[in-house]
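Structure record follows, encoded as structure tokens.
Just so it is clear, none of the values below were taken in a lab; they were calculated from the coordinates. All values reported here derive from a predicted model rather than from experimental measurement. When we count neighbours, we look across all protein chains shown, and the Cβ atoms used for this are built from the backbone with ideal geometry, even at glycine.
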Amino acid sequence: MANLNIQSTVKLNNDVRMPILGLGVYQSPPGRVTRNAVNFALRVGYRHVDTARIYGNEADVGEAVRESGVPRGDLFVTTKLWNSDQSYDSTLRACEASLKRLGLDYLDLYLVHFPVTDVRKESWRAMKTLLEKGKCQAIGVSNFTIRHLEELIGESHVIPSVNQIEFHPFLYQKELLEYCQMKGVQVEAYSPLARGERLKHPRIGSLAEKYAKTPGQLMIRWGLQHGFVVIPKSTREERIRENSQVFDFDISDDDMRSLDSLNEDLRLNWDPTNVP
Ligand SMILES: NC(=O)c1ccc[n+]([C@@H]2O[C@H](COP(=O)([O-])OP(=O)(O)OC[C@H]3O[C@@H](n4cnc5c(N)ncnc54)[C@H](OP(=O)(O)O)[C@@H]3O)[C@@H](O)[C@H]2O)c1
């Protein structure tokens, strides 16, 4: 983990490079709040923003990245296909609409937001078309379990580059992680701070103190050391900066295991386990 920094990247299975730290903007209100958050993040060195059609703030993300002056090639913008837009033609249209709202010519990463039953296969076929047309540099999925990935990989020669899933010490999805690693699918950890709900956990507190970092920094670093791409959300400047100051310490192997063992299958978002 030596020498990583806020702009370090990981190479995806199609050779596209993805920054390992990004700013999440779920529940970041549309308008000035999101524009400020993205603008500030880019000023402190973030190069990656994670939005979605359903977050309602693609236009603000787009405006902030365009106004930042950061060259397009240095930026990494992800958005996601919403459930009601799934299927073949509607996926193609949804991608065009997201690009228009973002004011971009291409997406760095387009994700199927959720494994919606019956339509997800057609959606994936459209995702491949979008990739071929250059509308996105990489395509992936989100909230896919092993079963959903197996189905997709069994039927398609294009393996998703990324699976964006809820992942934090209190939801340590070991089997899914190992499956993704085996298939070359990059794990991207969402809700890496457990949405702020476990920052006061005693072990998080004592280890944060040991490394002279905040609980949030410890949780983000844990994800990075596992090799995930990590996308903490905040709209507050001091926290956006704090969440990026995670490259000046190393959690020991013992302490990583201690954090792993906090798992309590805590799901703070939707649970795709039983989605047929
Ligand atoms: N694919 C999916 O289905 C999916 C689902 C959920 C999330 N995501 C993505 O993942 C991103 C992150 O996940 P998330 O937003 O659910 O949760 P998160 O990043 O785990 O936590 C965000 C919460 O923690 C607070 N916070 C941020 N930094 C903090 C710090 N340093 N100290 C204390 N509190 C802090 C934020 O409040 P303030 O804003 O007030 O600072 C917010 O309430 C999302 O924004 C989204 O881009 C994807």
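Of the set (1) under 20 Å from the mean Cα position of the chain (by Cα); (2) more than 10 Å from the ligand (Cβ to nearest atom), all apply to Ala189 but (2).
Once the range 192-210 is narrowed to residues that are of a type in the set (Gly, Ala, Ser) and near the ligand (Cβ under 10 Å from one of its atoms), the residue that is nearest to Thr78 (Cα to Cα) is Ala194. If you go through the range 16-35 and keep only what is within 12 Å of the ligand (Cβ to nearest atom), surrounded by 17 or more Cβ atoms within 10 Å (Cβ to Cβ) and over 22 Å from Gly140 (Cβ atoms), you end up with just Thr34. With respect to (1) over 18 Å from Leu259 (Cα atoms); (2) in a strand (DSSP E or B), the lone exception for Ala189 is condition (1). Looking at Leu268, is it part of a helix (DSSP H, G or I), of a type in the set (A, V, I, L, M) and either within 11 Å of the ligand (Cβ to nearest atom) or surrounded by fewer than 14 Cβ atoms within 10 Å (Cβ to Cβ) (or both)? For Leu268, the condition - part of a helix (DSSP H, G or I), of a type in the set (A, V, I, L, M) and either within 11 Å of the ligand (Cβ to nearest atom) or surrounded by fewer than 14 Cβ atoms within 10 Å (Cβ to Cβ) (or both) - is not met.
Let's see how each residue does on (1) in a loop (DSSP other than H, G, I, E, B); (2) more than 10 Å from the ligand (Cβ to nearest atom):
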| position | (1), (2) |
| --- | --- |
| Ala212 | yes, yes |
| Glu238 | no, no |
| Asp254 | no, yes |
| Arg257 | no, yes |
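Looking across Gly69, Gly103, Gly56, one residue alone is within 16 Å of the ligand (Cβ to nearest atom) and either more than 20 Å from the chain's Cα centre (by Cα) or within 16 Å of Arg35 (Cα to Cα) (or both). It is Gly56. Only a single item in (1) buried (at least 20 other Cβ atoms within 10 Å of the Cβ); (2) of a type outside the set (Val, Ile, Thr); (3) touching a helix residue (DSSP H, G or I) at 6+ places or on another chain (Cβ under 9 Å) is not met by Gln164, and it is number (3).
Restricting Gly196, Gly216, Gly223 to residues that are crowded, with 19+ Cβ neighbours inside 10 Å and either in contact with a Lys or Arg (Cβ under 8 Å, 6 or more places away or on another chain) or without any contact (Cβ under 8 Å) to a residue 24 or more places away in the chain (or both) narrows the list to Gly216.
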